[in-house]
Amino acid sequence: MQPQQLVLIFGSCVNLILILILVLKLWPSYRLDVFRQRVFAVRDDLFAYAASGKIGFDDPAYRLLRQAMNGFLRYGHNLTLYRVCITLILWNIGGRPKTQWAEAWTLSLKGVKDEQVRKDLQQFHGRALVLAAHRLIFGSPVLLGVLALCSLVMLAQSGWTGIKQSIGRAAEKMLPHIVDPRLLEEEAARLAAA
């Protein structure tokens, strides 16, 4: 083998190692940091909303929503397709536990008298769930492929009006068929309380 070929092979191996480090170590760490930062931003918005006096800090709806967001912050590194599938299998083998958080959330929303405040709290909840779904879907090549396929179907059905809207609608329709969003909330609330 000639020296030029050895240098080329060595350079290719070094580049491959650097790409693997980037893809397998740095990129997942970056994605987790971005997810947590966005959840922090939603939680901060919720805090500012409560600080403005629209809802009390001791209101059950506020406390439950904050607990779920804290759980997403703690549970974010476990928010992968593999872990969700294992949790679903364990729930199906051991019997599906009651979704206490979801029931308490629904009940606490009924206790909020002001309709606008109720809608605002539901929007905060929706924003947090969208972030969790985004982390779950875009962290899995399998779910990403399913999303791409669903997006193409949605684009064809909508007459190619908008790619971003079709991807968003596809993600909204796809996620409940793959994993119950209450599972994500329940696990987040359980870990936040631990």
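The values are calculated or read from the model by the stated rules, or taken from the named source; none is laboratory data. Just so it is clear, the structure is predicted and the values come from calculations on it, not from any experiment. So basically every Cβ, Gly included, is an ideal-geometry build from the backbone, and we count neighbours across all protein chains shown.
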- Query: Restricting the first residue to segment 101-116 and requiring it to be on the phi > 0 side of the Ramachandran plot, which pairs with a second residue that is outside any helix (DSSP H, G or I) and loosely packed, with under 12 Cβ neighbours inside 10 Å meet a Cβ separation below 8 Å and a spacing of at least six or different chains?
  - Reply: none
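Residues that are outside any helix (DSSP H, G or I), within 30 Å of Glu115 (Cα to Cα) and touching a helix residue (DSSP H, G or I) at 6+ places or on another chain (Cβ under 8 Å): does segment 92-99 have at least one?
Yes - at least one qualifying residue is present in segment 92-99.
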- Just one of the numbered conditions (1) surrounded by fewer than 14 Cβ atoms within 10 Å (Cβ to Cβ); (2) assigned to a loop (DSSP other than H, G, I, E, B) is not true of Gly126; which one? (2)
- Message: Checking Gln4 against (1) surrounded by 13 or more Cβ atoms within 10 Å (Cβ to Cβ); (2) in a helix (DSSP H, G or I), only one condition comes out false. Which one?
- Response: (1)
- From the list Ser140, Ser108, pick out the single residue that is closer than 23 Å to Val39 by Cβ, out of contact with any Asp or Glu (no Cβ under 9 Å at 6 or more places or on another chain) and at pLDDT 70 or above. Ser140
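Each row is one residue, and each column tells you yes or no for (1) at pLDDT 70 or above; (2) charged (D, E, K, R); (3) in a loop (DSSP other than H, G, I, E, B); (4) more than 26 Å from Lys98 (Cα to Cα).
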| residue | (1), (2), (3), (4) |
| --- | --- |
| Gln122 | yes, no, no, no |
| Val130 | yes, no, no, no |
| Leu152 | yes, no, no, yes |
| Leu155 | yes, no, no, yes |
| Trp160 | no, no, yes, yes |
| Leu183 | yes, no, no, no |
| Leu191 | yes, no, no, no |
- Regarding Ser151, is this residue among the small types (Gly, Ala, Ser) and in contact with a helix residue (DSSP H, G or I) (Cβ under 6 Å, 6 or more places away or on another chain)? yes
- Residues being touching a residue at least 40 places away in the same chain (Cβ under 8 Å), of a type in the set (Asp, Glu) and more than 23 Å from Leu184 (Cα to Cα) - total across segment 23-78: 0
- Considering residues of segment 162-181 that are among the small types (Gly, Ala, Ser) and in a helix (DSSP H, G or I) only, the residue modelled with the lowest pLDDT: Ser166
- Can Gly111 be described as touching a Pro at 6+ places or on another chain (Cβ under 9 Å), farther than 19 Å from Leu184 by Cα and surrounded by fewer than 12 Cβ atoms within 10 Å (Cβ to Cβ)? yes
